[in-house]
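Asks: Dropping a structure here in structure tokens format, bear with me for questions.
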Amino acid sequence: MGDFAIRLRYPGGNKAITVSPQATYDELKHLIYSLTNIMPDCQVIKSGYPPKGISADDSISISELGISSGETLIIEALPEAPKPIPKQNENKPVPQVPPQSQIPNRDGKVMIRRIIPADNSCLFNSVGYAMEGRQKHMGEYLRSIIGVFVESDPVNFNEVMLGKQVEDYINWIKQPNSWGGAIELAILSNYYQVEIAAVSVQNARVDLFGEDGGYNNRIYVIYDGIHYDVLVRNRSEDSPEDQDETCFSQNDQEAYQGAVFLANDMRNRRQFTDLANFDLMCGVCNKGLKGESDALEHCKTTGHTNFQEIHK
């Protein structure tokens, strides 16, 4: 078996590589590090369609991971662990430098992004972090809550709105690999009685869910095209998570402006995936497709799920 041709999509660019299918996962991560400067322990590597995070032992070969030649791997970066402060500086205040152009509030805090695991439940876990005491594993619980809401209100949650029969939707949303979106954010806004501001990295647009509910508080999530993280307020990303401020007044303009600033900053660094416009090819029948909507429709009509990104 010859070397695999693989394309990497990572913050800041794209790169084509060749690698032996017998190479280990650890060797792949170190190759990615040499090309992207993302430390192996800080890499989130996603494959397939929809892209799913790879979780495997470092000794497993690339072919055993299910990666195939011609595939695109999406690389995301987790924040590195904060370095310990030298003892001689223990009694000195640690300088906190907010992102440029973001104005700290009166407590010296700014909006920051907290990374949520890439486990297909990132939307639910982002909301759970904000509303359930900074917990990052709320997917199963919140999926069940959504199922109850839909089942209890068949008038508003009907086949037209859900895109499928109510029973089918409930069974689908409870599956750990099902992605959440606008419908689920609207339901969670209702459940928690809070506005949810979903900020798009691609265009810094802010979609408000629960805006007409008369709620006083708001939480923020940020979406890069394939993944949700939660936005909170703290002195810096190195500050302890238990000091994160996760829920804000709907009139808090510093929180709103900080969220938009972070989205613009990520966009300027190309940290997003344009699912509507990237080019794909079905690996089963070689049909050319444009964006996520074409791929989903093709999957529905053919059952094919092996998609590869192509570059013109």
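Just so you know, all these numbers are worked out from the coordinates, no wet-lab data involved. Everything quoted here is computed from the prediction, not taken from an experiment. Using ideal geometry, Cβ is built from the backbone for each residue, glycine included, and neighbour counts are taken over all protein chains shown.
Asks: Sort Arg269, Arg114 so the one with the fewest other Cβ atoms within 10 Å of its own Cβ comes first.
Replies: Arg269, Arg114
Asks: Mind sorting Arg233, Arg9 by how few other Cβ atoms lie within 10 Å of their own Cβ, fewest first?
Replies: By the 10 Å Cβ count, ascending: Arg9, Arg233.
Asks: Return the whole-Å distance between the Cα centroid of the range 214-243 and the Cα centroid of the range 103-168.
Replies: 13 Å
Asks: Among Met111, Phe209, Leu231, whose Cα projects farthest towards the positive end of the dipole of the range 101-268, with charges put on the beta-carbon of Lys, Arg (+1) and Asp, Glu (-1)?
Replies: Met111
Asks: Once the piece of chain linking Ser152 and Asn177 is laid out straight, how much longer is it, given 0.36 nm per residue of separation minus the C-alpha distance between them?
Replies: That works out to 6.6 nm of additional length.
Asks: A further question follows. Going by the alpha-carbon gyration tensor, a ≥ b ≥ c the square roots of its eigenvalues, is the range 128-167 rounded (a/c under 1.5) or, if a/c is not under 1.5, prolate (a/b greater than b/c) versus oblate?
Replies: prolate
Asks: Just how large is the dipole of the range 101-268 about the Cα centre, in debye to the nearest 20, putting +1 at every Lys and Arg Cβ and -1 at every Asp and Glu Cβ?
Replies: 320 debye
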